[in-house]
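Structure incoming, see below.
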Amino acid sequence: MIGIFIFGVVIAVWGICAVVKGRLPFISRYQSVKKISLHSRIEGGAVLCVGLIMAAQYFMLLQPVTILVIIFMICIVAFVLEIALKVL
């Protein structure tokens, strides 16, 4: 259980770095992305939310299906934002 909390915190830190810097860590080239900083901030925000949900599971026990649905909804919102803002 503590491993999930630590993994969630690491993912949240990765998301914060992506939002602040405007570039995703560990990615050097972007293909078919028009607005790199906006893309990185949208994806970083999604990763930050997923990390916070995973870390929050340590304090409030959620069913695994609930967590999967929340993560899936975050991914869909990020994808819709990228299409709506014409990032891709």
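Got at least one residue in the stretch 48-68 being more than 15 Å from residue 4 (Cα to Cα) and in contact with a Cys (Cβ under 8 Å, 6 or more places away or on another chain)?
So far as the stretch 48-68 goes, no, none of its residues is more than 15 Å from residue 4 (Cα to Cα) and in contact with a Cys (Cβ under 8 Å, 6 or more places away or on another chain).
Output yes when any residue across the stretch 75-82 is at pLDDT below 90 and either in a helix (DSSP H, G or I) or surrounded by 11 or more Cβ atoms within 10 Å (Cβ to Cβ) (or both), and no when none is.
Among the residues of the stretch 75-82, at least one is at pLDDT below 90 and either in a helix (DSSP H, G or I) or surrounded by 11 or more Cβ atoms within 10 Å (Cβ to Cβ) (or both), which makes the answer yes.
Considering (1) free of Cβ contacts under 8 Å to residues at least 12 places away in the same chain; (2) among the β-branched types (Val, Ile, Thr); (3) open to solvent by less than 60 Å² (accessible area, probe 1.4 Å), say which one residue 67 fails and leave the rest.
It fails just one condition, (1).
It is to be established whether one or more residues within the stretch 20-30 are hydrophobic (A, V, I, L, M, F, W, C) and at pLDDT 90 or above.
Checked the stretch 20-30: at least one residue is hydrophobic (A, V, I, L, M, F, W, C) and at pLDDT 90 or above.
Would you mention how many residues in the stretch 16-57 are crowded, with 16+ Cβ neighbours inside 10 Å, in a helix (DSSP H, G or I) and basic (Lys, Arg)?
So the count comes out to 1.
Still on this structure, I have one more. Name the residues in the stretch 25-51 that are aliphatic (A, V, I, L, M), out of contact with any Gly (no Cβ under 7 Å at 6 or more places or on another chain) and in contact (Cβ under 8 Å) with a residue 12 or more places away in the chain, would you?
Listed by number, the residues that qualify are 33, 36, 38, 42, 46, 50.
Residue 10 - would you say it is in a helix (DSSP H, G or I) and under 27 Å from residue 64 (Cα atoms)?
Against the criterion (in a helix (DSSP H, G or I) and under 27 Å from residue 64 (Cα atoms)), residue 10 qualifies.
The values are calculated or read from the model by the stated rules, or taken from the named source; none is laboratory data. Keep in mind the model is a prediction, meaning the values are calculated, not measured. FYI the Cβ positions are ideal-geometry reconstructions off the backbone, even for glycines, and counts take in every protein chain you see. The protein model used for the area step is the full one, side chains on, heavy atoms only, and it has no ligands, DNA or RNA in it. Shrake-Rupley method; radii C 1.70, N 1.55, O 1.52, S 1.80 Å.
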